[in-house]
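Visitor: Structure provided below as structure tokens; questions to follow.
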Amino acid sequence: DNDMPVTSVQAMNQPLPFMWGPFDERVLGCGDPNRPESVYFSKRGNADAWPPQNHIEVSDPGDKMMNGVVYGTQTICWSKEEMFTLLPNVIQGVTFTTLKLGTGKGVISPWGFCIGFKGLYFVAKDGIYITQGRDATPVMGPIQPLFPTRDAAGRDVNGYEAVDMDDTEGIELSAHNGEVWFTYTGAASGLPKTLI
């Protein structure tokens with residue numbers, strides 16, 4: 001029961017590209033292509049040991065888990081469609097219990113989140129949101145038109161280029177000196193853009 005990093009469906013030593021922690025004396029991770037809806041976790045107090053049974057299906061089948069973070073006293077993780085928290089040891093014999101936060105907002109990119117001065121910021125498929133670990137509130141204001149809506153693609157506004165939502169590798173949020181930096185690929189030019 002000391003596999004490194006995880007035992008997948010038909011593969012041993014399956015690397016996990018996205019890891020976070022420590023939380024509840026464990027390291028957590030996701031990104032197994034054979035179990036995209038699962039979050040894995042190490043043994044308590046031993047980040048090098050990942051027993052095969054130490055995973056939990058968090059999202060619905062087909063809804064890929066993207067990444068997670070320890071925020072305050074909780075761990076928040078996202079799929080493409082939803083935000084979750086994992087509660088440790090709520091039910092005897094179960095290591096984590098999944099709680100869907102009901103925001104209907106997932107993260108579009110594994111790098112599309114950061115802890116900022118006022119909360120946890122993340123990029124969903126329709127814009128940038130802030131959360132304190134429960135509700136998700138939009139924070140975009142004048143850059144809202146850069147993001148697609150249910151009815152239309154994003155559009156250029158005030159000299160800023162619309163977001164290419166197909167290039168999720170180019171979407172990233174970071175926090176620095178009380179500012180949130182949003183990096184993305186421009187829809188028309190294909191060039192990287194950064195908004196603060």
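The values are calculated or read from the model by the stated rules, or taken from the named source; none is laboratory data. The shown structure was predicted, so the numbers you read here are calculated from the model rather than taken from an experiment. Here the Cβ positions follow ideal geometry from the backbone for every residue, glycine too, while neighbour counts run over all protein chains shown. Quick note on the areas: whole protein, heavy atoms, side chains included, nothing else; ligands and nucleic acids left out. Shrake-Rupley method; radii C 1.70, N 1.55, O 1.52, S 1.80 Å.
Visitor: So what is log10(I(q)/I(0)) for the range 103-196 at q = 0.12 1/Å, when the Debye sum runs over its Cα atoms only?
Guide: Normalising to I(0) and taking log10 leaves -0.33.
Visitor: Only Cα pairs under 8 Å and at least 6 apart count here; give the relative contact order of the range 123-183 as a rounded whole percent.
Guide: Numbers: 67 pairs, mean separation 12.3, N = 61.
Computed value for the range 123-183: 20 percent relative contact order.
Visitor: Assuming 1.306 mPa s and 10 °C, estimate D for the range 1-91 with Stokes-Einstein, Rh taken as the Kirkwood radius over Cα pairs, in µm²/s. Before the final figure, lay out the partial values.
Guide: Working: Rh = 13.0 Å.
Translational D for this selection: 123 µm²/s.
Visitor: List the lysines whose Cα sits under 20 Å from the Cα of K80, skipping any in the same chain fewer than 8 residues away.
Guide: By straight Cα distance, K80 reaches K64, K100, K105, K125.
Visitor: Can you give me the C-alpha center-to-center distance between the range 15-64 and the range 150-196, rounded to a whole angstrom?
Guide: Centre-to-centre distance over Cα atoms comes out at 30 Å.
Visitor: Which value does Rg/Rh take for the range 1-46 over its C-alpha atoms, Rh per Kirkwood?
Guide: Values: Rg = 10.1 Å, Rh = 10.7 Å.
That ratio equals 0.94.
Visitor: Moving on to the next point. What FRET efficiency would be calculated for the residue pair N34, L99, taking the C-beta separation as r and a Förster radius of 25 Å, to the nearest 0.05?
Guide: Working: r = 25 Å, r/R0 = 0.98.
Computed FRET efficiency for N34 and L99: 0.50.
Visitor: Between D32, D156, D126, which gets the highest mean-square fluctuation from a Gaussian network model of the chain, Cα cutoff 10 Å?
Guide: Residue with maximal mean-square fluctuation among D32, D156, D126: D156.
Visitor: Using only the C-alpha atoms of the range 107-161, find the volume of their convex hull and express it per residue in Å³.
Guide: Details: hull volume 5.3 nm³, N = 55.
Roughly 97 Å³ of hull volume per residue.
Visitor: Given a 1.4 angstrom probe, I'd like the percentage of the accessible area of the range 132-180 that is carbon and sulfur, rounded to a whole number.
Guide: Working: 1410 of 3250 Å².
Result for the range 132-180: 43 percent of the exposed heavy-atom area is carbon or sulfur.
Visitor: Over all distinct alpha-carbon pairs, what is the Kirkwood Rh of the chain in angstrom?
Guide: On the way: mean 1/r = 0.0571 Å⁻¹.
Radius from the Kirkwood sum: 17.5 Å.
Visitor: Enter the per residue convex hull volume of the range 39-97, computed from alpha-carbon coordinates, in Å³ rounded to the nearest integer. The partial results should precede the final answer.
Guide: Working: hull volume 6.1 nm³, N = 59.
Considering the Cα atoms of the range 39-97, their hull volume per residue is 103 Å³.
Visitor: What length, rounded to one decimal in nm, is gained on full extension from A175 through to N89, with 0.36 nm per residue of separation minus their alpha-carbon distance?
Guide: So the extension gain works out to 27.8 nm.
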